[in-house]
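**Q** Just passing along the structure, written as structure tokens.
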Amino acid sequence: MKILTANRLTDGIAVWYADGGWAETVGRADLAHDKAAEDRLEAIGAKAYADNEVVDVNLIDADVVDGVVEPVRLREKIRAAGPTIRGDLGKQAERAA
């Protein structure tokens, strides 16, 4: 499975494509289960890049764990959570609050 991620151009925050827009959390990202769905997400990312909404657009591997979408690679897990040296910062801190 793949999901579409990028960084929002206005503030640099990591975002994931979900429900027709860019979400700040990965948990509900749109999943691509086949090549046609991957192509659709890539086209959405290319248009958003061309429209200056996002940069660093990538399709990444993901799994569904307990009903929640999670990135597979460590780099992407860190982008989804926040800095590894301070658990009180980033999206991980927002979830704990």
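**Q** How much of the accessible area of the chain, probe 1.4 Å, is carbon plus sulfur, in whole percent? Kindly include the intermediate steps, with their values, before the conclusion.
**A** Details: 3060 of 5880 Å².
Ligands and nucleic acids excluded, carbon and sulfur give 52 percent.
**Q** No solvent, one uniform scatterer per C-alpha: report log10 I(q)/I(0) for the chain via the Debye equation at q = 0.14, 0.18 1/Å, two decimals.
**A** -0.49, -0.80
**Q** Can you compute the charge dipole magnitude of segment 2-95 about its Cα centre, using +1 on each Lys and Arg Cβ and -1 on each Asp and Glu Cβ, nothing else charged? Give it in debye, rounded to the nearest 20. Display every interim value, and only then the final one.
**A** Details: 13 positive and 18 negative charges, 52 e Å.
The calculated dipole for segment 2-95 is roughly 260 debye.
**Q** Continuing with this model, one more query. At a Cα cut-off below 14 Å, give the aspartates and glutamates reachable from Lys91, other chains included and same-chain residues fewer than 8 away excluded.
**A** Glu24, Glu70, Glu76
**Q** Between Gly45, Gly82, Gly20, where does the largest GNM mean-square fluctuation fall for the chain, given springs only between Cα atoms within less than 10 Å?
**A** Highest fluctuation among the options: Gly20.
**Q** Report, ordered by chain and residue number, the lysines lying within cross-link reach of Lys47, taken as a straight Cα distance under 22 Å and ignoring same-chain residues fewer than 8 apart.
**A** Lys2, Lys35
**Q** Loop only per DSSP, at most 12 neighbouring Cβ atoms within 10 Å: give me the trypsin sites (Lys or Arg not before Pro) in segment 37-81, ordered by residue number.
**A** Values: sites: Arg40, Lys47, Arg73, Arg75, Lys77, Arg79; in loops: Arg73.
Here the trypsin sites (Lys or Arg not before Pro) that fit, given the DSSP loop and packing criteria, are Arg73.
**Q** Assuming 0.36 nm per residue, please report the length gained on full extension of the stretch Ala36 to Gln92 beyond their Cα-Cα distance.
**A** On the way: separation 56, 0.36 × 56 = 20.16 nm, distance 3.25 nm.
Additional length available on full extension: 16.9 nm.
The values are calculated or read from the model by the stated rules, or taken from the named source; none is laboratory data. Bear in mind that the values here come from a model prediction, so they are computed numbers and not experimental data. Positions of Cβ are backbone-derived with ideal geometry, glycine not excepted, and every protein chain shown enters the neighbour counts. To get the accessible areas, we keep the full protein, side chains included, count just its heavy atoms, and leave off ligands, DNA and RNA. Shrake-Rupley method; radii C 1.70, N 1.55, O 1.52, S 1.80 Å.
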